[in-house]
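Down below is the structure, laid out as structure tokens.
Please treat every number below as a calculation from the coordinates, not as lab data. On a predicted model such as this, the values are computed, not experimentally measured, just so you know. Cβ sites come from the backbone with ideal geometry, for glycine too, and all protein chains shown count toward neighbours.
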Amino acid sequence: MVDIHPLSDVQSDSIGEGTRVWQFVVILPGAVIGKNCNLCAHTLIEGDVNIGNNVTIKSGVFLWSGVDVEDDVFIGPNATFTNDPMPRSKVYPDHFIRTRLGRGCSIGANATLLPGITIGEGAMVGAGAVVVKDVPAHAVVVGNPAKVLRMVNSNG
């Protein structure tokens, strides 16, 4: 069973069993969301977004077309994703650059990720970090621009 709050706007029929969609969430047609996810209030998921199983997306997160989220990922409140490296009003690219969040990674509150970034498996992006390049698996990155602070093992 999928638990969808009546004040959300869910236009996708690809939502996995056990997922909870809270109030004021918008999910556009074509979005794919796995099992046992938690999409908190005030989130937006565009149509060309793939979300794995056991993913938590906290309030204020907008996932634009081109974002792929693997299993067991945590996205903190108000994390910002981008999908166009040269945005202009009313000018749209033919396709959006893919951004990938590897299995088990965590994105801290208010972090910003530029388009085309890969966050490696088990990596951690600190709150407020600005990620301008790929993050290796199990790395902890902080700052603006984000730099590797240390490495963590698979247990965190």
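Of all residues assigned to region 122-139, at least one qualifies as being in contact with a Pro (Cβ under 9 Å, 6 or more places away or on another chain), in a loop (DSSP other than H, G, I, E, B), of a type outside the set (Ser, Thr, Tyr) and surrounded by fewer than 17 Cβ atoms within 10 Å (Cβ to Cβ).
With respect to (1) within 11 Å of the chain's Cα centre (by Cα); (2) surrounded by fewer than 19 Cβ atoms within 10 Å (Cβ to Cβ), the lone exception for residue 107 is condition (2). Annotation note: Cβ proximity below 8 Å between a residue of region 115-127 that is among the hydroxyl-bearing types (Ser, Thr, Tyr) and a residue that is part of a loop (DSSP other than H, G, I, E, B) (sequence gap 6+ or interchain) occurs for 118/102; 118/134. Report yes if some residue within region 82-89 is crowded, with 17+ Cβ neighbours inside 10 Å and under 20 Å from residue 62 (Cα atoms); otherwise report no. Looking through region 82-89, at least one residue is crowded, with 17+ Cβ neighbours inside 10 Å and under 20 Å from residue 62 (Cα atoms). Looking only at residues in region 74-95 that are assigned to a strand (DSSP E or B) and either of a type in the set (S, T, N, Q) or in contact with a strand residue (DSSP E or B) (Cβ under 8 Å, 6 or more places away or on another chain) (or both), which one is farthest from residue 109 (Cα to Cα)? Per the stated criteria, the residue is 81. For region 103-121, filtering for residues that are assigned to a loop (DSSP other than H, G, I, E, B) and closer than 21 Å to residue 60 by Cβ leaves 8. Go through region 49-65 residue by residue and tally those that are closer than 13 Å to residue 105 by Cβ and touching a residue at least 40 places away in the same chain (Cβ under 8 Å). Of the residues in region 49-65, 1 are closer than 13 Å to residue 105 by Cβ and touching a residue at least 40 places away in the same chain (Cβ under 8 Å).
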